[in-house]
Amino acid sequence: MPFEYGKLERIAPGVRRIVCENPGPFTFKGTNLYVVGEGDVAAIDPGPAGGAQVDLLLDALRQTGERVAHIILTHCHADHSGAAAALKERTGAPTYGMARKIDDPVIGKRGPSGGDFVIPVAFDVPLLHADTVRDASFELHAVHTPGHAPDHLCFRLADGDILFSGDTVMGWNTSVVAPPEGNMGDYLRSLDMLIGRNDAVYFPAHGGPVREPQRFVKALIFHRRWRELEVLEALRAGATSIGDMVPRIYNGLEPALVPAAALSVFATLEHLVEKQLVAATRPGSLDMAQEFALLG
């Protein structure tokens, strides 16, 4: 779907979008800020801090006599939550999302892209699976989809068979699953759950709409299962460390993407340990420096 930076565009009945100008290897063209409803609207994922999208959004709504009445986050990664505080300050709108523990060890750490990974939000309205956010012109139902992040929520728009899929399903690439923030077992279980739903279209946080979501999600699961086979084959061939496996599995990968690939391999190894197909060979907890071997 074509777009223009800096423009609030209608993409479906009751749904508009601004693409934040934060393109990159992990964000594609940028974070999609969705506006749901008419009049008193909801803003889903305000985007990164310091961008122009908050001003652009409020200027556009001012022209139509509308206002942001709800600020909703799919999760607290910085490219989604960074601008939430600024938007709340400008509008007074309450924030909604799944709460994280204040002592979460991931908070304050750098992510695969090198920037702040998680910017926690003290939500005015904490949400759990199946909770509802509603106003006169819309009703959104929260769907907990951990894996990419433990606090990840998708949101189903009651009228329109639309699922705002956040980073669980993106419109351009597979999601980063980076331990300890990400968990491959949770991610695959979330994808299995989505296949069982009847959503007609996904509006992801990065990339364009996903028009055949069940087929698309099945392809994502196949990709992850194939990665498991590649990791198992690397172990059979004598690789023991993540550093050994990455060049075998990701031949010719751009250097900037190697850290994310290493985290993805680690997430796959964690899941294989959970399935009792692989074991760590050194004492201590599972981490990036651990070595691994096949079981059986």
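The values are calculated or read from the model by the stated rules, or taken from the named source; none is laboratory data. These numbers were taken from a predicted model, which means no experiment stands behind them. Heads up, the Cβs are rebuilt from the backbone with ideal geometry, glycines too, and the neighbour counts pull from every protein chain shown.
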Any pair with Cβ under 7 angstrom, 6 or more apart, that starts in region 252-264 at a residue that is under 16 Å from Arg227 (Cβ atoms) and ends at one that is of a type in the set (Val, Ile, Thr) and not in a loop (DSSP other than H, G, I, E, B): Val258/Val246; Ala261/Val246; Ala262/Ile242; Ala262/Val246
Only listed residue being surrounded by 24 or more Cβ atoms within 10 Å (Cβ to Cβ) and either in the same structural domain as Ala256 (by TED's automatic domain parsing) or in contact with an Asp or Glu (Cβ under 7 Å, 6 or more places away or on another chain) (or both), chosen from Leu57, Leu33: Leu33
Criterion (outside any loop (DSSP other than H, G, I, E, B), of a type in the set (A, V, I, L, M, F, W, C), closer than 30 Å to Ala12 by Cα and not assigned by TED's automatic domain parsing to the domain that holds His148) met by exactly one of Ala219, Ala279, Ala262: Ala219
Selection from region 17-36 of residues that are assigned to a strand (DSSP E or B) and in contact (Cβ under 8 Å) with a residue 24 or more places away in the chain: Arg17, Ile18, Gly24, Phe28, Asn32, Leu33, Tyr34, Val35, Val36
Subset of region 227-276 [among the small types (Gly, Ala, Ser), modelled with pLDDT of 95 or more and closer than 23 Å to Leu188 by Cβ]: Ala234, Ala239, Ala267
Qualifying residue in region 246-259 (condition: assigned to a loop (DSSP other than H, G, I, E, B), within 22 Å of His148 (Cα to Cα) and aromatic (Phe, Trp, Tyr)): yes
Residue list for region 44-54, restricted to those being within 19 Å of Glu4 (Cβ to Cβ), out of contact with any Lys or Arg (no Cβ under 9 Å at 6 or more places or on another chain) and outside any loop (DSSP other than H, G, I, E, B): Gln53
Unique residue being outside any helix (DSSP H, G or I), among the acidic types (Asp, Glu) and within 12 Å of the chain's Cα centre (by Cα) when the list is Asp159, Asp199, Asp151: Asp151
Residue within region 162-173 that is assigned by TED's automatic domain parsing to the domain that holds Arg134, surrounded by fewer than 24 Cβ atoms within 10 Å (Cβ to Cβ), over 23 Å from Cys20 (Cβ atoms) and hydrophobic (A, V, I, L, M, F, W, C) present: no
